[in-house]
Structure formats: structure tokens, C-alpha cells
Amino acid sequence: APAPAANFIRNIIDEQNAAGKWGGRVETRFPPEPNGYLHLGHAKSICLNFGLARDYGGVCHLRFDDTNPEKEEQEYVDSIVESVKWLGFDWGTHLYFASNYFDTMYACAEYLIQAGHAYVDSLTADEMRAYRGTLTEKGKDSPYRNRSVEENLDLFRRMKAGEFPDGAHVLRAKIDMASPNINLRDPAIYRIKHATHHNTGDTWCIYPMYTYAHPIEDAIEHITHSICTLEFEDQRPFYDWLLDKLAIGGFFTRPLPQQIEFARLNLTYVVLSKRKLIQLVEEKHVSGWDDPRMPTLVGARRRGYTPEGFRRFTDQIGVSKSDGWIDYSVFEACQRDVLNDSALRRVAVLDPVRLIIDNYPEGQSEDCFAPNHPQQPELGKRAIPFSRELWIEREDFEETPPKGYFRLFPGNSVRLRYGYVVKCTGCDKDAAGNITAVHCDYLPDTKSGTPGADSVKVKGNIHWVSAAHAIETEVRLYDRLFRTAQPGQETGNFLDDLNADSVKVIRAQLEPALKDAAPEASFQFERHGYFVADRSDTRPGAPVFNRTVTLKDSWVK
Ligand code: ATP
Ligand code: MG
Ligand code: MG
């Protein structure tokens, strides 16, 4: 494999390794909150964290950041596990749940109180906000800020014991209400919440705040590099303050984990926010989390996107410190490149009309041979049956051809790919004037792969399947779920930009070799694009196909 491209995170690690900071150890984590399904943005973080661990001979933890009792469910845990595995990453024995650290987090909080670094505040939420100040105005000390250690400990223990209702008190770090960084103006670290937790049940009625819990989780797991998105940059001073105090208290040893921020993935034509994704599912704009149009990893999988395509994409876009937008076509191009290498070629007629070869004997058939992969001859050829009546694409015949049209029209000859040259003689129509069949004669000496194949030169080359041998199946042609690059940018409501024609369900005629396609097998349907056998709806002998991506970018402006 090629050496991974340098980026600023790798540079930091290389410098630290040269200085011997971690003794060569690289330990990262991917820390999802189990409150939704993973999306394409998460894939960037997964590939980054697991990729660093892989390249530096380290480990990456899969940690469920489940410190918030609300909205967290086992269904999400299971799906996250499956998606990270599907992307091709392995956490070994390093699967963790942050809620298993509640005891340590609580002990750390008592220590902070005893050391004079935390206090119980009893202001209301509104009062606390007013005391916090603004960017231009310093904060003010709460009247409860100078409570004694004894009073703080007593109140905190009674918070834990369930003596107070939600919101009555919070535990705050005691730092600096005049700090220019608002995150250092005595941030809340524990709040009262009488809620049942999916893992710890009703054991707790106080829960740590994310910004307090996360550094402790990292330190407990001996994480070296805690990589997160840019919006946490202003939290880094608190991250460092907290772990420094807890190291002094003997909870953790140095060197302490280092937070490093990178730019999140912003991708055009999709939405990457759990809130919006939930809305798409709940309001039934899509069929579910795994709808092939969803930018979730379960949706991507069902769409036929490949893990390798994801890895190629994240390698290509790199990691940086500045926010920007990546065009969806970049993602599609990576997927297309991977599928071009891996997908076997097959023939499918998506908009069938009958082609009758009048001079071919009725009831007769023969085999034509087509390569499974033109760039990989070692994958061999397969037989495609040929007979008197074929299905061809409706657009491959024109009664009155436009200029430059080289396919079938009366008097013109084309090659039936892998088969014979045929000369068009006319067509049949119904009473309404719709074409019901196209007629032709074949030139018996011109079969592909025989000495006479090149005796007749033609410009057109069309694909076909034998009507008597074809299998008819459902095929779904997907398009983008949104019409605009940044959904909701104009009106403020992303739903206004839904593409009303994002899926077309058709009945197609496929060559018989596709009959036994396994769920999740990907193919290139010649001239049409890449298609995958739907992992949910495919039955033995009865595949259903989803179009993953067209052969060329059809969205070029
Ligand atoms: P959302 O904002 O949609 O609710 P989140 O960031 O809260 O998502 P988490 O489950 O907390 O979701 O995310 C787990 C990890 O994935 C975090 O480390 C986060 O930084 C990373 N992540 C989430 N979204 C993106 C993105 N668009 N690009 C890169 N990394 C992301
Ligand atoms: Mg989050
Ligand atoms: Mg978020």
C-alpha cells in the first residue's frame, strides 16, 4: 500500500515520537454518542482515528460516549458496531462504554471539591447565563462561589442521593469568571437529571457534562491523541486544566492525552446532522435509516458504496484545520474508481423494447462470450445466450435518427455487442403509434470472436439480452436526495430542497448470470453504471438491484 499522505496530525505524532514523548505509543479513539446512526461525516473520523492507529502500530478504541441518559439506545449501539466493522476496522479488545466510568468521574468531582477547584452553585439556569457575561463583558462571581468545602461536599452528596429536583443545583469547576474564554468561566461539570440510563439504570440521578466527562474518559483509557472536530477548540484549555488538576490529585499520570482538532466533513447535496437525519426518517421522507439515499453508513452500504471507496475518499480529502466544503461528486468518483476495479461486468436492459431477428431460426439459440472484466482477463468470460428475440434499450432505436446517431434505424447496421452485426429493417407500432418491436436481419459470418467478425465495419455497438433467457427484476435508480448543494441555505428549511425525483423504480431485463447474485454483490451493468444486489430485498434466485452510481458524473454543470 502507498505511504499515507502527510498531514498536520501525523506531523505532530512524528515530532513527538522523535522526542520520545509517548515511547512510540499511539492510542486513539472513535467516541460516538449512541443517539443516532453513523453518517458520512463520522466515516471521516473513523478512517482518521483507526487509520492513525494502523499506520503507527497502535490501537484505536471504539468508545460509546453514553454519559447522557436521554436519547441513547441499544439499537444505535448495535448499528454503530456493525458500521465500524463494515468500514473494515477492528478495535480488538478495546470496546468501552463511558458510563462504566461514572464512579471514577464522581470520585474526581469529590476530589476537585476538596482541592477547592469545584463548588455547588444554586443559581437558576437563567441567572447563571446572566452571570456568565458575554464575549465583550466579563462574567460575575456567583454568590455561591465561596461556599466552604464541607458545604459543597455535603450538597454534592445530597445531589447524588436524589434529595433535589432537576436543576436545583449544579457542580461547577472553579476557574475564572473573568477569563476571555467563556468556556473557562466556571463551566458546569455535573447536573441533576432524574432519568433512567440505558446502561446504569436508575443508579445515578446526577450526570457529568460532556466537556467534563470526555477528558476523563480519554485519560482512563490512556489515549495519546484525542482527535475531535474544530468546534471543540475553545474547550481545549478546560480539557488541559481538568486533566492537570486530576494528575496533581493522583488520578492520572503524565503525559496526559492531547486534544487535537480537525475540520469536520461538510459534503454538498447531503445533510450530516443527526437531528436532520432523524427528521427525514420520522417524517417518512425516506424509507428508513438504511434507505439507499440516506447519507448514513447503513444507507451507504445498502446503496452499494464500498468500505474501500470510503477509505480512498478520506485519504484523498485529507485532514486540515480549516473548514470547507467537499463536492459530493468527489465522493462518488472515489466509489466509482473502486467499483471499476472490483465489479464484474454484466448486461442489463433497463428500458426494454423487443428486437426481432427475422432471418434467425425460431427456437434456436447459441452462446456468445463476454469478458467478466475487460481489464482483468484472468477473471475469464461467461456465456450469454443469443436467440431470435432480444431485449434492447428503447433509446437504441430511432425511426427517424437525429444527426450523428449511429445506433439502430431503418437501413443502418450495428453490432450486437459480443454477438452479430444486424441490419435494421423497420419496426412495429401499436394503434397509438408506440413502437412495440424493432426488426432486423443478422449477418451470419460476423459473430464476435470469429474470423469474419471484422468483415463488416459498423459505428454503433449496442447491448442486448435474449428475451427467452432474460430474468425480469426490480431495479431502483437513485438520484440525490436534495436538489441543492447546501440544503436549506436559501429558505432556512432543508426539507424545501428535497429532490422530488430521487428514486425511480423500474422493471429491467437482465442476463441470466445475474439470477443468483448474492446480496451486496456489485456489478457494472454495461453502459449504465454500478449496481448492487439489495441486501434486504434480494432473495435466492430473485435479486433486486440498486444503482450505486452512474458510469460518468451526470451532475457536471
Ligand atoms: P451530530 O452533530 O450529527 O449530532 P456528533 O458530532 O454529535 O454528530 P458524535 O456521535 O458525538 O456525533 O460523533 C462521534 C465522532 O464523530 C466525534 O468525534 C465527532 O467529532 C465525529 N464527527 C461527527 N460529525 C463529523 C463530521 N461531519 N466530520 C468529521 N467528524 C465528525
Ligand atoms: Mg456529539
Ligand atoms: Mg454534534
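Yes/no per residue for (1) charged (D, E, K, R); (2) modelled with pLDDT of 95 or more; (3) within 16 Å of ligand 1 (Cβ to nearest atom):
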site: 133; (1), (2), (3): no, yes, no
site: 177; (1), (2), (3): no, yes, no
site: 209; (1), (2), (3): no, yes, yes
site: 231; (1), (2), (3): yes, yes, yes
site: 235; (1), (2), (3): no, yes, yes
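Select from region 257-296 the residues that are farther than 27 Å from residue 232 by Cβ and of a type in the set (D, E, K, R) and write down the one among them that is farthest from ligand 1 (Cβ to nearest atom).
284
Taken over region 446-478, residues that are of a type in the set (Asp, Glu) and in contact with a strand residue (DSSP E or B) (Cβ under 9 Å, 6 or more places away or on another chain) amount to 2.
Of 58, 41, 36, 51, which residue is more than 30 Å from residue 205 (Cβ to Cβ), within 16 Å of ligand 3 (Cβ to nearest atom) and touching a Ser or Thr at 6+ places or on another chain (Cβ under 9 Å)?
Matching residue, one of 58, 41, 36, 51: 41.
Residue by residue, here is whether (1) in a loop (DSSP other than H, G, I, E, B); (2) more than 14 Å from the chain's Cα centre (by Cα); (3) surrounded by 20 or more Cβ atoms within 10 Å (Cβ to Cβ) holds:
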{"residue": "284", "(1), (2), (3)": "yes, yes, no"}
{"residue": "287", "(1), (2), (3)": "yes, yes, no"}
{"residue": "292", "(1), (2), (3)": "yes, no, yes"}
{"residue": "300", "(1), (2), (3)": "no, no, yes"}
{"residue": "305", "(1), (2), (3)": "yes, no, yes"}
{"residue": "311", "(1), (2), (3)": "no, no, yes"}
{"residue": "321", "(1), (2), (3)": "yes, yes, no"}
{"residue": "324", "(1), (2), (3)": "yes, yes, no"}
{"residue": "331", "(1), (2), (3)": "no, no, yes"}
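Taken across region 241-257, residues that are buried (at least 18 other Cβ atoms within 10 Å of the Cβ) and within 14 Å of ligand 2 (Cβ to nearest atom) do not occur at all. Taking region 65-82 as the range and being farther than 16 Å from residue 274 by Cα and within 12 Å of ligand 1 (Cβ to nearest atom) as the test, only 67 passes. Looking at the structure I just gave you, is residue 272 crowded, with 19+ Cβ neighbours inside 10 Å, closer than 30 Å to residue 183 by Cα, within 16 Å of ligand 2 (Cβ to nearest atom) and modelled with pLDDT of 95 or more? So residue 272 fails the test. Pairs are defined by a Cβ separation below 6 Å, a sequence spacing of at least 6 or placement on different chains, a first member in region 63-77 that is closer than 19 Å to residue 105 by Cα, and a second member that is modelled with pLDDT under 90 and surrounded by 13 or more Cβ atoms within 10 Å (Cβ to Cβ); the pairs so defined are 66/72.
The residue of region 1-48 that is nearest to residue 294 (Cα to Cα), among those that are of a type in the set (Ser, Thr, Tyr) and within 16 Å of ligand 2 (Cβ to nearest atom), is 37. Residue 251: in a loop (DSSP other than H, G, I, E, B), in contact with a Ser or Thr (Cβ under 8 Å, 6 or more places away or on another chain) and touching a residue at least 60 places away in the same chain (Cβ under 8 Å), yes or no? Considered against the rule, which asks whether it is in a loop (DSSP other than H, G, I, E, B), in contact with a Ser or Thr (Cβ under 8 Å, 6 or more places away or on another chain) and touching a residue at least 60 places away in the same chain (Cβ under 8 Å), residue 251 comes out as yes.
The values are calculated or read from the model by the stated rules, or taken from the named source; none is laboratory data. None of the values given here were measured: they were computed from a predicted structure. Don't worry about glycine lacking a Cβ; one is built from the backbone with ideal geometry, like all the others, and counts go over all protein chains shown.
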